Amino acid sequence: MRRFSKEELRHYNGLDGMPAYVAYQGKVYDVSGSFLWQQGLHQATHAAGSDLTAALKQAPHGAELLLRFPIVGILDPNG
Amino acid sequence: MAQVTREMVERAGVNVDQLVELLIKNAAAELTTYYYYTILRVNLIGLQGEGLKEIAETARIEDRNHFEALVPRIYELGGKLPQDMKAFHDISACPPAVLPKDPTDVKAMLTVLVEAERCAVRGYTHICNLTAGKDHRTYDLALAILNEEIEHESWFSEFLGEGPSGHFLRRGETSPFVSKFLK
Ligand code: HEM
Ligand SMILES: [Fe+2]
Ligand SMILES: [Fe+2]
């Protein structure tokens, strides 16, 4: 499975034709197909291309909505 | 824009631009849901569908009321609706409540309806959390809408066999909570 550094993940921000990836608990999910992640932006508060593990705690939903999306890799814990 | 109104909310520590964007997204969800529910409602026919028509209609009218009630708050806080209605549709806080391929599949119809309501319950809970004790007017409005969204969720969830919700369909006027914002 592909490993993403934080820096690499940053490019997958859903803009300029790039897919929208978000990291959660060490896994990288592809949310490009979601209506709610168009241009890599979610609910005016979150952007793709980053680790949103902490952010999900403030969300009005749990991880179950994210786990339905395909996993494309893992986030390198060393950077 | 109502200048001091906005300033009070800013000084309470709310990110007003972000809040306004959320209000616009939820207004878009309301108006698009009103549209999609129109199609769902006309397709709720036959022995099973007919029983849902009434609550779908009430939920539809109340969502239009929610749109109407949100718009003044958006402008008070310095926001505005997009010029382009297609753009407005696409920034909705909730996915489109599209008619299922087989509209005679009542379970599929109910699933679309209940998911739309659940999305709304999440959205307004979040707005209440952001504004509680800080932006009293937006909080009051979001709470009023939330009260109605919870009823909508309850009505549909009972039909999905999720157990009793303690609610009865609306009697009398629509929007018992939001109507004060519509006068
Ligand atoms: C303030 C934070 C957030 C808010 C207000 C928010 C709000 C929402 C809402 C209202 C929905 C629709 C739910 C439904 O249909 O019932 C949703 C879906 C979703 N959210 Fe969030 N969310 C937030 C944070 C996050 C974070 C941090 C992530 C990722 C880690 C995330 C990932 C998702 C996903 C994947 C979906 C499902 C999209 C789909 O099915 O197309 N959300 N969110
Ligand atoms: Fe609504
Ligand atoms: Fe609703």
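No lab work stands behind these numbers, since they all come straight from the coordinates. The model shown is predicted, which means the values in this text are computed figures rather than measured ones. No Cβ is skipped: glycine too gets one built from the backbone with ideal geometry, and neighbour counts run over all protein chains shown.
Overview of values
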quantity: Modelled FRET efficiency - R0 41 Å, residue B:108 with residue B:129, Cβ distances, 0.05 increments; calculated: 0.80
quantity: Gyration tensor (alpha-carbon) shape descriptor, region A:3-75, a/c threshold 1.5; calculated: rounded
quantity: Candidates per GluC sites (Glu not before Pro) in region B:75-183, loop by DSSP, up to 11 other Cβ within 10 Å; calculated: B:173
quantity: Equivalent-ellipsoid semi-axes of the protein assembly as shown, from the Cα gyration tensor, Å, largest first; calculated: 32, 26, 16
quantity: Scaled radius of gyration (Cα, divided by 2.2 N^0.38 Å) that region B:3-181 gives; calculated: 1.06
quantity: Computed magnitude of the charge dipole of region A:3-75 (debye, nearest 20; Cβ of K, R +1, Cβ of D, E -1); calculated: 160 debye
quantity: Rg/Rg_ref, region A:36-76, where Rg_ref = 2.2 N^0.38 Å and atoms are Cα; calculated: 1.17
quantity: Within region B:5-34, backbone nitrogen closer than 19 Å to the virtual label 7 Å beyond the Cα of residue A:45 toward Cβ; calculated: B:9-30
quantity: Value at 222 nm in deg cm²/dmol, rounded to 500, when DSSP H runs of n ≥ 4 in chain B each add -39,500 (n - 2.57); calculated: -23500 deg cm²/dmol
quantity: Charge dipole of the protein assembly as shown about the Cα centre (unit charges at C-beta), most positive-ward option of B:110, B:39, A:38; calculated: A:38
quantity: Rounded to the nearest 20 debye, dipole of the protein assembly as shown from Cβ charges on Lys, Arg, Asp, Glu; calculated: 280 debye
quantity: Magnitude of the charge dipole, chain B, Cβ model with Lys/Arg +1 and Asp/Glu -1, debye to 20; calculated: 300 debye
quantity: R0 of 30 Å, Cβ-Cβ distance residue B:39-residue B:5: FRET efficiency to nearest 0.05; calculated: 0.20
